[in-house]
Amino acid sequence: MSGGVGEDGSGTRPRAAARRRTPRSWAALGAAVVVVVGVGVLAGWVGSRGAAGGGGGAVPAAGSGAGSCDAAAVAQSVLPSVVTIEVGSGDGGSGGGGSGSGEVIDASGIVLTNDHVIASGADGPVTVRLDDGTELDARVIGRDPRTDLAVLRADTDRRLPALAWGGSDALDVGEPVVALGAPLGLSGTVTTGVVSALGRDVPVPTGDGSGSTVLTGAIQTDASINPGNSGGALVDCSGRLVGINTAIATVPSATGASSGSVGIGFAVPSVVARPIAEALRTDGSVAHPVLGVTTLPVALHHADGSVAVGLQLTAVTDGGPADDAGLRPGDVLTAVRGLDALHPDSVAFLEATRSVGDDVRVTYLRDGEQHDATITLRAAPSS
């Protein structure tokens, strides 16, 4: 699996407040906790599992109510839909491969996973291992580094047990969840925990190494997630897919090595993953909007002594949305969509969460004077 960062957002709050999205300024977090994304590299497959159920069916929660899941019943139902993904190098060499997890989301053989699981070997051989030990060749049919999601098609004539979608927008903080996948190559691993927080906006590196992106509205959970869990399923007590396990927070050791799971993991919520998965399946890509700017965080000192974060435009794309709105290199964004609590990933967050054609109101400084502008978002140009 992978990594991320987040402070503890749980607590005794009303249920409605617990669902509120509260974007955080990641720049304010302690440097002792770092964002990590990666895939497992444990060679081989440790033990096969027989299919324990049909997969994709609803499972009743434990009779005790909201405090716990019947994890055994959830595992029996869900594990047949969870797969282990092995990725070889695209050049035929021994490097560039890895392993991760995924889940069948359509019985015809459509598998959803993280983009960083397959990024290093997307042009090489991909193998999907089912819960009963069957290995199937697969190919990548769609990738979206922005949301760190990818869709595979397994080569099979048989109907596979597909996992049913659940509603991440109906989750509550403190609600029990179950994570399933192949940490360190250990297929069929099940861990349990709770929803620790909702609405996390977590900056993570892209799988192809091209930069960073933001997991928007991520589910934070204390269910144990480790390298190799990436792309695996986070399900509710009914065994329905509410998130895609993607990132973990880790604490580096004195040698620089990460600590593995520390009980802070992040999953792409189903409300984000489901439409992206459908677009990748049908079109192979997703048209995310862009502002057409490159930014650098700067400190803004106010008259009352307070300090805020501004985003200086170091580059503005000629003919891009920001250029058309009159912005120029050297301008400093002080508010976006009315929010003056900016952070270094504000632009990436905006581009990941808005749609082509949306109008975005911004406030900026130029030569010490404040101005307002409206930027109409457009699709990123084809590369």
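Overview of values
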| item | result |
| --- | --- |
| Members of segment 106-118 that are under 14 Å from Glu278 (Cα atoms) and surrounded by 24 or more Cβ atoms within 10 Å (Cβ to Cβ) | Val111, Leu112, Thr113 |
| In segment 210-248, residue nearest to the chain's Cα centre (by Cα) [restricted to those that are hydrophobic (A, V, I, L, M, F, W, C), closer than 15 Å to Val117 by Cβ and at pLDDT below 95] | Leu215 |
| Yes/no for Gly263 being assigned by TED's automatic domain parsing to the domain that holds Ala233 and either in contact with an Asp or Glu (Cβ under 6 Å, 6 or more places away or on another chain) or buried (at least 17 other Cβ atoms within 10 Å of the Cβ) (or both) | yes |
| Test: Thr295 is assigned by TED's automatic domain parsing to the domain that holds Val83, among the β-branched types (Val, Ile, Thr) and over 28 Å from Gln76 (Cβ atoms) | no |
| Criterion: free of Cβ contacts under 8 Å to residues at least 40 places away in the same chain and not in a loop (DSSP other than H, G, I, E, B) - qualifying residue of Val309, Val347, Val362 | Val362 |
| Strands (runs of 3 or more DSSP E) fully within segment 133-200 counting 2 or more residues that are under 24 Å from Asp70 (Cβ atoms) | 176-181 |
| Residues located in segment 202-235, provided they are part of a strand (DSSP E or B) and either touching a His at 6+ places or on another chain (Cβ under 9 Å) or not assigned by TED's automatic domain parsing to the domain that holds Asp169 (or both) | Pro203, Val204, Pro205 |
| Hits in segment 169-192 (condition: in contact with a strand residue (DSSP E or B) (Cβ under 7 Å, 6 or more places away or on another chain) and without any contact (Cβ under 8 Å) to a residue 60 or more places away in the chain) | Thr189, Thr191 |
| Hey, Val271 in contact with a helix residue (DSSP H, G or I) (Cβ under 8 Å, 6 or more places away or on another chain), of a type outside the set (Phe, Trp, Tyr) and assigned to a helix (DSSP H, G or I) or not | yes |
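The values are calculated or read from the model by the stated rules, or taken from the named source; none is laboratory data. Model, not experiment: these values are computed from the prediction. Heads up, the Cβs are rebuilt from the backbone with ideal geometry, glycines too, and the neighbour counts pull from every protein chain shown.
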